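Asks: Below you will find the structure I want to go over with you.
The values are calculated or read from the model by the stated rules, or taken from the named source; none is laboratory data. Only a predicted model underlies this, so the values are computations on that prediction, with no experimental measurement involved. Every residue, glycine as well, gets a Cβ built from its backbone with ideal geometry; the counts of neighbours run over all protein chains shown. Quick note on the areas: whole protein, heavy atoms, side chains included, nothing else; ligands and nucleic acids left out. Shrake-Rupley method; radii C 1.70, N 1.55, O 1.52, S 1.80 Å.
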Amino acid sequence: MSVRRGMRCRKCGAPAVINMPQHKLALCEEHYLEWVPARVGQTIKRFRMFRPEDKVLVAVSGGKDSLALWDILHRLGYAVEGLYIDLGIGGGYSAQSKEKVQAFAETRGGLPFRVVDVRETYGCSIPELAQRSRRGAKTCSLCGLVKRHIMNRIAYEGGFAAIATGHNLDDEAAVLMQNTLHWQAGYLGRQAPVLPSTHPHLARKVKPLCLMYEREMAAYSLVRGINYIYDECPYSVGAKTIFYKELLNQLEGRSPGAKLHFYLSFLKAKEEGTIRFMEEEEVQMQNCRRCGQPTTAGDLCAFCRLWERPEMAVCGPAEEFEA
Ligand code: SF4
Ligand code: ZN
Ligand code: ZN
């Protein structure tokens with residue numbers, strides 16, 4: 001990464017590789033590579049995400065944030081395992097992202113990771129599933145449903161204390177802005193760095209990068225030599241959060257630290273009870289008779305109901321996944 005002329009590391013005076021006006025801090029390569037894991041480690045402790053002895057599953061997509069998160073957790077000494085879900089997305093996206101994950105693990109001495117191939121396991125890739133769905137379900141909502149199910153299943157079967165995802169501050173602030181502009185009280189009530197487990201089959205979800213700017217993660221990946229997939233999933237084109245990220249970047253340009261302040265003030269107001277969201281009604285949960293994950297509607301969960309539809313007859317979970 002290019003050295004900013006005249007910019008010096010605040011810790012040692014060497015040429016800086018990054019200037020972070022949001023923290024009034026410029027750092028050289030060596031000190032930046034120390035600062036990032038330290039900040040992520042503090043975030044893990046601050047929000048009590050998991051303990052040093054816990055087994056953690058990291059959901060990796062092949063993108064910079066999730067690979068950097070895996071790298072950081074490994075450097076911090078956590079017992080961490082990767083999970084790559086092959087969604088079968090065309091245009092080379094899934095194939096290339098899987099290669100990046102494999103190469104990353106190999107170059108770091110064979111870090112452990114699992115791969116779940118959606119087509120091999122369930123008979124249909126995500127795009128095929130969306131195409132078959134006569135009810136017009138959108139690709140991303142089906143993808144979300146399938147990914148959540150797989151993550152919870154792997155975390156439960158593997159005895160993981162938490163699933164860590166690579167959501168960064170820009171992701172969180174964009175979602176917060178979207179939910180605030182629409183006053184989505186339910187979503188605002190649930191948005192947090194930690195989503196506790198509310199059922200033995202539902203894993204705890206944590207976001208250790210939630211206070212890290214996207215730009216900081218890009219710089220970290222570059223300095224650490226992490227080879228990630230630059231392309232976004234083709235189905236993310238036109239996502240509203242991209243627009244909100246641009247707006248927030250404009251705000252940040254005028255007022256460094258605005259994104260962090262926006263997100264942290266929201267968390268503080270929730271924690272202190274300054275803003276409150278309606279408590280969600282206690283809903284009766286029962287265990288899905290096929291997979292064991294909780295469901296509020298009937299005896300099959302939304303994921304298992306998917307495979308019951310006539311148009312999905314050629315797909316469906318293999319026998320060994322049935323409870
Ligand atoms: Fe899945 Fe949509 Fe994300 Fe692509 S953009 S990975 S289809 S949720
Ligand atoms: Zn330095
Ligand atoms: Zn189920």
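Asks: Condition test on Ile229, is it buried (at least 17 other Cβ atoms within 10 Å of the Cβ), within 16 Å of ligand 1 (Cβ to nearest atom) and either at pLDDT 85 or above or over 30 Å from Lys64 (Cα atoms) (or both)?
Replies: Here the answer is yes, as Ile229 does meet what is asked.
Asks: Name, by its number, the condition in (1) under 14 Å from the mean Cα position of the chain (by Cα); (2) closer than 29 Å to Phe262 by Cα; (3) open to solvent by less than 70 Å² (accessible area, probe 1.4 Å) that does not hold for Met151.
Replies: (2)
Asks: Something else about it: Here is a list: Arg46, Arg5. Which entry is out of contact with any Leu (no Cβ under 6 Å at 6 or more places or on another chain), closer than 30 Å to Leu251 by Cβ, at pLDDT below 95 and charged (D, E, K, R)? It would help to see each step written out before you state the result.
Replies: Numbers: Arg46 fails: at pLDDT below 95.
On inspection, the qualifying residue turns out to be Arg5.
Asks: Taking Arg75 as the residue in question, decide whether it is free of Cβ contacts under 8 Å to residues at least 60 places away in the same chain, within 21 Å of the chain's Cα centre (by Cα) and more than 28 Å from Cys233 (Cβ to Cβ).
Replies: no
Asks: Exactly one condition in (1) in contact (Cβ under 8 Å) with a residue 12 or more places away in the chain; (2) crowded, with 17+ Cβ neighbours inside 10 Å is false for Trp35; which is it?
Replies: Checking Trp35 against (1) in contact (Cβ under 8 Å) with a residue 12 or more places away in the chain; (2) crowded, with 17+ Cβ neighbours inside 10 Å, the one that fails is (1).
Asks: Among the candidates Ser61, Ser66, single out the residue that is under 14 Å from Tyr228 (Cβ atoms) and either within 16 Å of ligand 3 (Cβ to nearest atom) or open to solvent by 40 Å² or more (accessible area, probe 1.4 Å) (or both). Break it down stepwise before answering.
Replies: Details: Ser66 fails: either within 16 Å of ligand 3 (Cβ to nearest atom) or open to solvent by 40 Å² or more (accessible area, probe 1.4 Å) (or both).
Selected residue: Ser61, the only one of Ser61, Ser66 that is under 14 Å from Tyr228 (Cβ atoms) and either within 16 Å of ligand 3 (Cβ to nearest atom) or open to solvent by 40 Å² or more (accessible area, probe 1.4 Å) (or both).
Asks: Return the only residue of Ser221, Ser255, Ser265 being among the polar types (S, T, N, Q), at pLDDT 95 or above and open to solvent by less than 20 Å² (accessible area, probe 1.4 Å).
Replies: Testing whether each residue is among the polar types (S, T, N, Q), at pLDDT 95 or above and open to solvent by less than 20 Å² (accessible area, probe 1.4 Å) leaves just Ser221.
Asks: Mind listing whichever residues of segment 99-136 are among the charged types (D, E, K, R) and either more than 20 Å from the chain's Cα centre (by Cα) or open to solvent by 60 Å² or more (accessible area, probe 1.4 Å) (or both)?
Replies: Glu99, Glu106, Arg108, Arg114, Arg119, Glu120, Glu128, Arg132, Arg134, Arg135 - these are the residues of segment 99-136 that are among the charged types (D, E, K, R) and either more than 20 Å from the chain's Cα centre (by Cα) or open to solvent by 60 Å² or more (accessible area, probe 1.4 Å) (or both).
Asks: So, of the residues in segment 270-306 that are open to solvent by 20 Å² or more (accessible area, probe 1.4 Å) and of a type in the set (A, V, I, L, M, F, W, C), which turns out to be modelled with the lowest pLDDT?
Replies: Step by step, filter segment 270-306, then rank; the result is Met278.
Asks: While we're looking at this one, here's another question. Residue pairs, Cβ under 8 Å, 6 or more apart or interchain, first in segment 295-314 and within 19 Å of Arg153 (Cβ to Cβ) and assigned to a strand (DSSP E or B), second open to solvent by less than 80 Å² (accessible area, probe 1.4 Å) and of a type outside the set (D, E, K, R). List them.
Replies: Final answer for the pair search is Thr295/Cys288; Thr295/Cys301; Thr295/Ala302.
Asks: Condition test on Gly91, is it at pLDDT below 95 and in a loop (DSSP other than H, G, I, E, B)?
Replies: Spelling it out, Gly91 is indeed at pLDDT below 95 and in a loop (DSSP other than H, G, I, E, B).
Asks: Continuing with the same structure: Among the residues that make up segment 82-97, is at least one of them crowded, with 19+ Cβ neighbours inside 10 Å and more than 15 Å from ligand 1 (Cβ to nearest atom)?
Replies: Within segment 82-97 (the criterion being crowded, with 19+ Cβ neighbours inside 10 Å and more than 15 Å from ligand 1 (Cβ to nearest atom)), the answer is yes, since at least one residue qualifies.
Asks: Ok, one more. If only one of Arg75, Arg10 is within 16 Å of ligand 2 (Cβ to nearest atom) and either crowded, with 22+ Cβ neighbours inside 10 Å or among the charged types (D, E, K, R) (or both), which one is it?
Replies: When all the criteria are applied, what remains is Arg10.
Asks: Another question, if that's okay. Name the residues in segment 5-54 that are more than 20 Å from Ala218 (Cβ to Cβ) and polar (S, T, N, Q), would you?
Replies: Gln42
Asks: Restricting to helices (runs of 4 or more DSSP H) lying wholly in segment 160-250: which have 1 or more residues that are under 17 Å from Arg39 (Cβ atoms) and not charged (D, E, K, R)?
Replies: In segment 160-250, 169-181, 214-224 are the helices (runs of 4 or more DSSP H) which contain 1 or more residues that are under 17 Å from Arg39 (Cβ atoms) and not charged (D, E, K, R).
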